[in-house]
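S.K.: Quick one: structure below, then a few questions.
The values are calculated or read from the model by the stated rules, or taken from the named source; none is laboratory data. Being a predicted model, the structure only gives us computed values, none of them experimental. Note: ideal-geometry Cβ built from the backbone for every residue, glycine included; neighbour counts use all protein chains shown. Surface areas here come from the heavy atoms of the whole protein model, side chains and all, with no ligands, DNA or RNA. Shrake-Rupley method; radii C 1.70, N 1.55, O 1.52, S 1.80 Å.
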Amino acid sequence: MVKRDPESLLPLTPAMFHVMVALADGQTHGYAILKEVEQLTGGGVRLSTGTLYGIMKRLLSDGLIRETALAAKDDERRRSYELTAFGRDVARAEASRLEHTLAIARRKALFKHVAR
């Protein structure tokens, strides 16, 4: 089997990255992902269910997440998801890319104190 390069999927959209970060601590279901993204961003990002499930479909097809067998005991229709090992590698690569981009920006006058 050929090992896929995580960087081949970069850059991720901000919404995709937020969903992957929300899954970083373990498996969860869609509604919890929506709430986690909202909480992590201080309400700055609020995904609709349509947007979330479009992202989930893409992440599933790219092999970045998988559906888990652990369904909610009170509702068998509720699906849970978790990052795959490759998905974790892609999320780390995107975080590294963002850190590098921010480091470049911080070296520019945009972030330097301007005396008035």
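S.K.: Could you give the length gained on full extension between R106 and K35, defined as 0.36 nm per residue of separation minus the Cα-Cα distance, in nm?
M.R.: 22.5 nm
S.K.: On to the next question. Relative contact order of the chain: what whole-number percent is it, with Cα pairs under 8 angstrom and at least 6 residues apart?
M.R.: Numbers: 111 pairs, mean separation 34.2, N = 116.
Reported as a whole number, the value is 30 percent.
S.K.: Suppose each label sits 7 Å from its Cα in the direction of the beta carbon; what would the M1-A85 distance come out to in nanometres?
M.R.: My value for the distance between the label points is 0.7 nm.
S.K.: Quick one: order D62, D89, D5, D25 from most to least accessible surface, probe 1.4 Å. If you can, show how the numbers build up before the last one.
M.R.: Working: D62 30, D89 55, D5 85, D25 145 Å².
Putting D62, D89, D5, D25 in descending order of accessible area: D25, D5, D89, D62.
S.K.: If each residue of separation counts as 0.36 nm, what is the full-extension length gain between S96 and T68 once their alpha-carbon separation is subtracted? Write down the numbers at each step before the final one.
M.R.: Numbers: separation 28, 0.36 × 28 = 10.08 nm, distance 2.74 nm.
So the extension gain works out to 7.3 nm.
S.K.: Kindly provide the GluC sites (Glu not before Pro) of segment 16-112 that DSSP labels as loop, not H, G, I, E or B, and whose Cβ sees at most 15 other Cβ atoms within 10 Å.
M.R.: Numbers: sites: E36, E38, E67, E76, E82, E94, E99; in loops: E76.
Of the GluC sites (Glu not before Pro), the ones in loops of segment 16-112 whose Cβ has at most 15 other Cβ atoms within 10 Å are E76.
S.K.: Tell me the per residue accessible area of the chain using a 1.4 Å probe; a whole number in Å² is fine. If you can, show how the numbers build up before the last one.
M.R.: Values: 8060 Å² over 116 residues.
Ligands and nucleic acids excluded, the figure is 70 Å² per residue.
S.K.: How much of the accessible area of the chain, in percent, comes from carbon and sulfur atoms when a 1.4 Å probe is used?
M.R.: 54
S.K.: To the nearest 500 deg cm²/dmol, what mean residue ellipticity at 222 nm is calculated for the chain from DSSP H runs of n ≥ 4 alone, each contributing -39,500 (n - 2.57), summed and divided by the residues? It would help to have the intermediate numbers written out before the result.
M.R.: Numbers: 4 runs with 55 residues, N = 116.
Helix-only estimate at 222 nm: -15000 deg cm²/dmol.
S.K.: Relative to the longest principal axis of the C-alpha atoms of the chain, give the angle of the C-alpha long axis of helix 49-61, reported between 0 and 90° and rounded to the nearest 10°.
M.R.: 80
S.K.: Going out from 0 in 10 Å bins, what whole percent of all Cα-Cα distances in segment 1-107 drops into each bin?
M.R.: For segment 1-107, the pair-distance distribution reads 14, 45, 31, 9, 1, 0.
S.K.: Using a 1.4 angstrom probe with every protein chain in place, what is the largest-first accessible-area order of Y81, Y53, Y31?
M.R.: Details: Y81 10, Y53 100, Y31 135 Å².
Putting Y81, Y53, Y31 in descending order of accessible area: Y31, Y53, Y81.
S.K.: Would you list S96, S80 from the most to the least accessible area, probe 1.4 Å? Let's see the in-between values first.
M.R.: Details: S96 65, S80 15 Å².
Result of the area sort, largest leading: S96, S80.
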